[in-house]
Amino acid sequence: MKIKNKSGYVRVSSMSQESNFSIQSQKQQLIQNGIKEKNIFIEIGSGTNEIKNRSIFQKWITQKLKDNDLLMVTKIDRCSRNTLEFLKLQDILFKKNIL
């Protein structure tokens, strides 16, 4: 299976984290792992929000990511708030054949 496109997701919980280099740190890790900066999407919002309530992330996984695309995060808690949310996300991505 060949990866078509690589994307990265960066999330911080608050504007204060935006200014304390958390976003930059996550972006740098993704870039070091082969994600182009133009393919990194950033969201500011609480991890307590369900995936369906994170508009940028929801749009990306439902409209932008396609078959055999790769989605990378720096830590699992950036894309899900708990194990149940992660398993829901995993199921969505698996059904769309997103790596």
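No lab work stands behind these numbers, since they all come straight from the coordinates. Being a predicted model, the structure only gives us computed values, none of them experimental.
Observations, loosely collected:
- Per-residue HN-Hα couplings for the stretch 5-12 [Karplus 6.51, -1.76, 1.60; θ = phi - 60°; Hz; x = Gly/Pro]: 10, 10, 10, x, 10, 10, 9, 10
- Considering only alpha-carbon pairs that sit under 8 angstrom and 6 or more positions apart, the relative contact order computed for the chain is 36 percent.
- Amide H contacts under 5 Å for LEU70, placed H, 5+ residues apart: LYS4, ASN5, LYS6, SER7, LEU99
- Reported value for the stretch 59-99: 64 Å³ per residue, from the convex hull of its C-alpha atoms.
- If you take the alpha carbon atoms of the chain and fit the smallest convex hull around them, that volume is 91 Å³ per residue.
- The slack between LYS75 and SER14, meaning 0.36 nm per residue of separation minus the straight C-alpha distance, is 20.3 nm.
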